[in-house]
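For reference, the structure is listed below as structure tokens.
The values are calculated or read from the model by the stated rules, or taken from the named source; none is laboratory data. Since we're looking at a predicted model, the values are computed, not measured. Note: ideal-geometry Cβ built from the backbone for every residue, glycine included; neighbour counts use all protein chains shown.
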Amino acid sequence: MRMPRLTALLTATAVLTTAFTLAASAAEVHVLNWKGYGADEPWAVQAFEKATGNKVVNDFFNSEQEMLTKIRTNPGLYDVVMINAAFNDQAMSEKLIQPIDTSKLPNYADISKDKAGSPMLDHDGKVYGVPWVWGLTALAINEKSFDKPPTSIAEMWDPAHKGRVIIRDDAVEAVQFGAIATGQNINDIKDMDAVKTKLTSLMPQIKTFWSSENDWNQMVASNQIDIGTYWSGSADRAKTHFKLPVSLVIPKEGAVAWLDAFSIPAGSKNVEGAQAFINWMIDPKFYVEWVTKVGAPVSANTKAVEALPEDAFNRKVMGDPEVAKRIQFQAPITDAQREAYLALWQQLKVDVK
Amino acid sequence: MMTTRILEGLGRFYIGLLLAFLYLPIIIMALMSFNVSPFYQLPFEWTTEWYASLWHNDQLIAATWNSLEIAIVTTIICVVLGSAASLALYRYEFRGKKLLQALLFPPIAIPWLITGTAMLIFFFGVGIGRGLFAILLGHVALALPYVIVVVSARLQTFAPELEEAARSLGANQWQVTMRVTLPWIMPGVIAGGLFAFAVSFDQFVVSYFLATPGQTTLPVEIYAAIRKGFTPEINAVSTIIIVVSMALMLLTARFFKFGGEK
Amino acid sequence: MAGVQVSNVSRSFGAHKALDDVSIDFADGGFYALLGPSGSGKTTLLRQIAGFDFPDSGRISIGGESVERVPVEKRRIGMVFQNYALFPNMSVADNVAFGLSVRGENKAVIASEVQRALDLVQLGKLGRRRPHQLSGGQRQRVALARAIVTKPRVLLLDEPLGALDKALRVDMQIELKRIQREIGITTIFVTHDQEEALTMSDRIGILRDGRLVQEGPPEEIYDRPKSEFAATFLGNANIFRGDATGNGIRLPDGTAIAAKVGDRLAGGAKASCAVRPERIRIATDAVVSDAADANMLKGKVSKRIFAGNNSTYFVERAGQTLKVIVQNTGADRLAEGQDVVLRWSPESTVLIAAG
Amino acid sequence: MAVPGATASRSGLRSALPLLAPAYLWLTVAIFLPLSAMVFFSFMTDLPLSGKPWAFTLGNYAAFFSQSLYLTLLLASLRLGLEVTLWCVVIGYPAAYVLAKVLKGRSREAIFLLVILPFWSNGLVRIFSWAMVLREGGILDTALNAVLPFKINIDLMYSYPAVIIGLVHSYVPYMVLTCYLTLQAIDDSLIEAGRSLGASRLQVLKRVIIPLSLPGLVAGAALIFVPVVGSFMEPRILGGRTGTFYGTVIEDQFVAVFNWPLGAALSFILLAVVLVILAVAAPVLRRAA
């Protein structure tokens, strides 16, 4: 080997060794969230960085399970994590997250009282989660496939849509969806066999499972699906931002509602930055911009919702008391339930073979 | 000769089909990196926007550098350790040598899913943890056996009389190694190094289990992007990788006969 | 058994004419050698007869049946390859059995035929061995047994002895000849070794640049070559070039050389004479000892090579080096630098028209 | 292998050790200890790292045998491995044959390089590119409908065939490579000898060429079968609702569900199966060496 090349390689080695030692520098806020879910919007990140001097580093998860595993196996790495309120209890009992000093969050006072006081987020008088947005797991349709929007969840089982239905690859959501389809309370499922039978008959209808918004949007863009479960905020985004022929349907049987909240992981190295970031995320200014530019679920901040135009979907439909009656909020589930749901879901997926 | 000519024509046609099968998806992926629609919708509209936005994707760029650095360091370590081990296995007779040679196969033969998860458990358990250093540890272990096998194969063609001749001319063991043996096995060493680089640079499974956010490699980043919503940026970066790696392969193929001999 | 007729066969590979209008008649039961330098087309010709390749034009028949478009496996030929081509994945017996087994013969017949063939090549006890456990000579015999066990109409040998060392080669030459006589099969074999061709074959065909230069019994080709090439390729020859004078030539320096009675060329044409080195006598004086040695030249010994039973003298004469081979009779040897006189009979001189 | 200096075996080890130690130490730390740790972990109730109490158990293995789920998935993965390997043989062997025995000279080298080249591109990227080709409204569909006079729906994406296609595409170069190397080593005169003895092309293929290239076929098959059985990324991207396999379940245990002991047990069972299969293939492979 000639000399210059050798030198180059040695230099590279040296550079790399220093690269290893220079891992995380100061004033970074590491955020763990769904991809394309507000916190990683470039305009929001830039504005936040400019205002606070913190640098935002985003990382994403694919399922609540993966989110939990990521904080378990990367202690000290994340400063902010977005947790579905139904999972907050589990994260807290595993000591993965720490109490939040809400006095450092000026916008916390504007969070609607029923959300801020939720027993799912507060334990022993301490706040472990700051409510951010709430929304529905309802149905969304490909407008090209329907003359007029369906009203019933039964549409998913219609043979006309065979092979053109999509649902999320998530055990809890699938089982709770099955509960709604069989007329049960999602947080107190009495008849699991009915749910299993119902879901088993759904499997042949299904094209694929989605795990990210992008999956859904691509399937619609390439006209491969007619109908499927979707999140309300995502459906809004698909329509507003990506101009896709998607519209949300809240079936007469009801829908699963969820509340997403921000927490601070136990080992966070930048709690101040984390507080600033969370406050930024629940600020009405950010919210309005998010809704108009991209599309979003409903904010937990009452002032933020009021800042929307009167006829906005998130104000008119989601705020409709008629709708409120039909939806069921997800409550925490026990480990035993989760394992039972997971086993059922895996079995359903294997039976496809 | 009719039948022979027909068979030859059929053979060429068949190879043509195979090449189409092998290259069609790659070409289409490359084309889509120049298409406007983020959902790969047709009709095709030309743009270089995805390449432009690639420039500003710090995460992807950082992961690319990580991949390159790890591949280079893996190559250097593997070549040094591997050549030394090959020389020892060639030069000396001792009990247990067969076993040592047999031990080279598990890293090659065991599915990466198993090695990867085993490394995750062990590194996590003993406190090495995950991240770039763990990935480097893993990559070297995966590539080392290839280097030893390739260099050993080259050593088989080496005539031991050459070393003896050098000794008879007054060279000591070190001089013999540096001036006679190493130059002879150089093609093997370079081929082994290329192998190590390729194994490391393309390695996804093991990296996937050992990566942490911020300390990832390009394939891991691509997988995350594919699963969590990808954009044609991924096509753009894939196209660049494919073009560069194929160009490198063609270059090396010009310089060395395939397999590193001659 | 059958004879083989090759008529006007041509074969080109791209611009290269590998065979150019070759006609040759291999009589039933004969032993033929195809001799030529590499690239002369001898192997191509053999492969045309075997059926590995088809001629562009011309006809090939085996036993009177036209076969030039028949693929190799239907021609019923036996072939022995230069490197023997024994199947390494089969035992010796399975190698020999292969041809019978692909024809679907029953097992008992195969076993007895294979044993007979192996006995014939004196390897009756080695049937279970693998090819890599055999010596070169043994492999050669297995290849032969395999080629003849199917009772082919013609046996083709492609430089079959090329890979053996000299002593073994002589043994195998004798052995091959014995087996060929025993089964009486038409045999065509390709070689570049002239000695092998001379000692083994009934007839020899010499090829050059895709053309048949001369064909006939070994003695005839040796004694009466029809071209300078035939003369020099098969054995040694001194070639003199000059102008034809009817029954001889005149060299540029005016010396006349008389040729064999009956060899005639019209005067004035370019021609040459070929003389075998062992036919020339060498002496220090000009005394005519035998009137028959009418041809005489003077020269100077430039070199002598002693080879035990004979010596070769290199004699310089008018810018040409002539070779003379003298039997070792115990007489005085000539020294290098000595002036000598060369004499030979016109009967030993072949007149060749310029090609 | 020749032994210069004919050193006694003990002193041989002493001289060899400094050269061998670094490489084997590395392999120990990064391969052999982790594999042992995996076996160890597979007998635990919980990770000792998570702070929760743990104990030794056979429960993780019991889970495998008591729930038909895992066995079904393992069989599905083995079947996937078998099918992909078979397709690779069917597609790759003839190609290797054409390359080694039909094509000659420079064109052969160039085409061989072309076949092997994709191999050096990222496997993930290759799988990803199939997603673009296969789906409805994707390239294959659009192209075929543009050419054909009637309307057809080519929608292979998110199906078992899609997984097969993607995997075959990724692994077929291995088969071409190993078969090409053994086929090329077969002397042409063996084929001619077979023909001259009256065997048809097919008989020569069956009785001479295939037996002689068997080591290459087996090596290729092992190189393909083993990783395919453990594949998870390909079925995830291309399989859709049919994309659940043994590998994806193991991935889930480590990445999502955080049940590492169960994941370790499942991995170890896969390892055992793979080792048995390699042991069966070993005699043929040794014959090649």
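Please pick out the residue among A:SER222, A:SER232, A:SER211 that is hydroxyl-bearing (Ser, Thr, Tyr), within 11 Å of another protein chain (Cβ to nearest Cβ) and over 23 Å from B:LEU42 (Cα atoms).
A:SER211
Looking only at residues that are hydrophobic (A, V, I, L, M, F, W, C) and assigned to a loop (DSSP other than H, G, I, E, B) in the stretch B:88-107, which one is nearest to the other protein chains (Cβ to nearest Cβ)?
B:PHE94
What strands (runs of 3 or more DSSP E) lie completely within the stretch A:222-333 and have 3 or more residues being within 19 Å of the chain's Cα centre (by Cα) and surrounded by 22 or more Cβ atoms within 10 Å (Cβ to Cβ)?
Per the criteria, A:227-231, A:255-265.
Quick check, is C:ILE24 touching a strand residue (DSSP E or B) at 6+ places or on another chain (Cβ under 7 Å), assigned by TED's automatic domain parsing to the domain that holds C:PRO160 and buried (at least 20 other Cβ atoms within 10 Å of the Cβ)?
No; evaluated as a whole, the condition is false for this residue.
Please determine, by comparing only the residues of the stretch B:29-60 that are aliphatic (A, V, I, L, M) and part of a helix (DSSP H, G or I), which one is nearest to the other protein chains (Cβ to nearest Cβ).
Taking the candidates together, the pick is B:MET29.
Which condition number in (1) over 20 Å from D:ASP141 (Cβ atoms); (2) of a type outside the set (Phe, Trp, Tyr); (3) buried (at least 17 other Cβ atoms within 10 Å of the Cβ); (4) out of contact with any Phe, Trp or Tyr (no Cβ under 7 Å at 6 or more places or on another chain) is the one that B:PRO38 fails?
(1)
Being more than 7 Å from chain D (Cβ to nearest Cβ) and aliphatic (A, V, I, L, M) is the filter; apply it to the stretch B:13-28 and report the residue that is farthest from C:ALA50 (Cα to Cα).
In this case the residue turns out to be B:ILE27.
Answer yes or no as to whether A:GLY125 is modelled with pLDDT under 90 and closer than 19 Å to A:PRO332 by Cβ.
yes
B:LEU10 passes all but one of (1) at the interface with another protein chain (Cβ under 10 Å from one of its Cβ atoms); (2) surrounded by 15 or more Cβ atoms within 10 Å (Cβ to Cβ); (3) assigned to a helix (DSSP H, G or I); which number fails?
Result: B:LEU10 passes all but (2).
Are any of the residues in the stretch B:186-202 at pLDDT 85 or above, out of contact with any strand residue (DSSP E or B) (no Cβ under 6 Å at 6 or more places or on another chain) and over 30 Å from D:ASN122 (Cα atoms)?
No, the conditions are met nowhere in the stretch B:186-202.
Taking B:PHE158 and the conditions (1) part of a helix (DSSP H, G or I); (2) within 10 Å of another protein chain (Cβ to nearest Cβ); (3) of a type in the set (Phe, Trp, Tyr), which numbered condition does it fall short on, given that it satisfies the others?
All conditions pass for B:PHE158, except number (1).
If a residue must be part of a helix (DSSP H, G or I), within 7 Å of chain D (Cβ to nearest Cβ) and either of a type in the set (A, V, I, L, M) or touching an Asp or Glu at 6+ places or on another chain (Cβ under 8 Å) (or both), how many such residues does the stretch B:108-147 contain?
11
Provide a single number: the residues in the stretch B:190-219 that are outside any loop (DSSP other than H, G, I, E, B) and either among the acidic types (Asp, Glu) or more than 9 Å from every other protein chain (Cβ to nearest Cβ) (or both).
Qualifying residue count, the stretch B:190-219: 13.
How many residues does the stretch A:50-66 contain that are more than 10 Å from every other protein chain (Cβ to nearest Cβ) and either surrounded by 20 or more Cβ atoms within 10 Å (Cβ to Cβ) or in contact with a Lys or Arg (Cβ under 6 Å, 6 or more places away or on another chain) (or both)?
Of the residues in that region, 2 qualify.
I'm told A:PRO106 meets every condition in (1) in contact (Cβ under 8 Å) with a residue 12 or more places away in the chain; (2) surrounded by 14 or more Cβ atoms within 10 Å (Cβ to Cβ) except one. Can you identify the failing condition by its number?
Every listed condition holds for A:PRO106 apart from (2).
Would you confirm whether any residue within the stretch A:125-144 is at negative phi, in a strand (DSSP E or B) and touching a Lys or Arg at 6+ places or on another chain (Cβ under 6 Å)?
Within the stretch A:125-144 (the criterion being at negative phi, in a strand (DSSP E or B) and touching a Lys or Arg at 6+ places or on another chain (Cβ under 6 Å)), the answer is yes, since at least one residue qualifies.
Among the residues of the stretch B:167-197, count how many are in contact (Cβ under 8 Å) with a residue 60 or more places away in the chain and small (Gly, Ala, Ser).
Selection size over the stretch B:167-197: 5.
Every residue in the stretch D:170-203 that is crowded, with 22+ Cβ neighbours inside 10 Å and either within 9 Å of chain C (Cβ to nearest Cβ) or part of a loop (DSSP other than H, G, I, E, B) (or both), please.
D:ALA193, D:GLY194, D:ARG195, D:SER196, D:LEU197, D:GLY198, D:ALA199, listed by residue number.
How many residues, within the stretch D:207-251, are within 14 Å of chain B (Cβ to nearest Cβ) and either under 19 Å from D:ILE165 (Cα atoms) or in contact with a Gly (Cβ under 8 Å, 6 or more places away or on another chain) (or both)?
Count: 27.
If B:GLY129 satisfies all but one of (1) within 30 Å of A:LEU77 (Cα to Cα); (2) modelled with pLDDT of 85 or more, what's the number of the condition it fails?
Here B:GLY129 meets the rest and fails (2).
Mind telling me which of the residues C:LEU156, C:LEU168 ends up being part of a helix (DSSP H, G or I) and on the phi < 0 side of the Ramachandran plot?
Criteria check complete, one pass: C:LEU168.
Would you tally the residues in the stretch B:50-72 being surrounded by fewer than 17 Cβ atoms within 10 Å (Cβ to Cβ) and over 17 Å from B:ILE222 (Cα atoms)?
1
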